[in-house]
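Structure first, commentary second.
The values are calculated or read from the model by the stated rules, or taken from the named source; none is laboratory data. Everything numeric in this text was worked out from a predicted model, so none of it was measured. With ideal geometry, Cβ positions are generated from the backbone for all residues, glycine too; neighbour counts draw on all protein chains shown.
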Amino acid sequence: MNKRTATRWYIGAWVVWLVALSLAVLMRSSVQGRVSAGLFLLGMVIVAAGAVMVITWIGALIKLGTQSKWGWFVGVLVLGLIGLGIVGMVAYSLAGPADVIDVAIRPTTT
């Protein structure tokens, strides 16, 4: 997973998660103990956004590992594990190592 895709999807999913969570809290206070279909739907959106964040975070870690960028790998890993994954992914998107494209050239035989 390339850097641009991973960070855009992670940050987008984080924004969706935050908005859905805020709406769920507002709805929960207004329904007073009852569970509505809208609240259930928001819960599903929260779970889906969380899954997207985990998948893209793991993809970014795999990319950093294959590039042998161990400082970035540890930074993104630790920030994700302590609940500050958005900080690590924003830093990775702004200042992280660029994607490297490996090109193999087959020698010609004469």
What is the one condition in (1) surrounded by 12 or more Cβ atoms within 10 Å (Cβ to Cβ); (2) closer than 30 Å to Ala98 by Cβ; (3) at pLDDT below 95 that Leu18 does not satisfy? (3)
Residue list for segment 91-110, filter: surrounded by fewer than 17 Cβ atoms within 10 Å (Cβ to Cβ) and within 18 Å of Val15 (Cα to Cα): Ala91, Ser93, Leu94
Search segment 21-73 for residues being of a type in the set (Lys, Arg) and over 17 Å from Ala91 (Cβ atoms), and hand back the single one that is farthest from the chain's Cα centre (by Cα). Arg34
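Taking into account only those residues within segment 59-72 that are of a type outside the set (Ser, Thr, Tyr) and surrounded by fewer than 14 Cβ atoms within 10 Å (Cβ to Cβ), which is nearest to Arg8 (Cα to Cα)? It would help to see each step written out before you state the result.
Residues of segment 59-72 of a type outside the set (Ser, Thr, Tyr): 59-65, 67, 69-72.
Subsequent filtering for residues that are surrounded by fewer than 14 Cβ atoms within 10 Å (Cβ to Cβ) retains 62, 65, 70-71.
Numbers: Ile62: 16, Gly65: 19, Trp70: 22, Gly71: 21 Å.
The selected residue is Ile62.
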Matching entry among Gly12, Gly38, Gly50, Gly43 (being modelled with pLDDT under 95, part of a helix (DSSP H, G or I) and closer than 22 Å to Gly85 by Cα): Gly43
Go through (1) surrounded by 15 or more Cβ atoms within 10 Å (Cβ to Cβ); (2) more than 14 Å from Asn2 (Cα to Cα) for Ser29 and report which single condition fails. (1)
Residue check for Gly50: in contact (Cβ under 8 Å) with a residue 40 or more places away in the chain and either touching a helix residue (DSSP H, G or I) at 6+ places or on another chain (Cβ under 9 Å) or on the phi > 0 side of the Ramachandran plot (or both): no
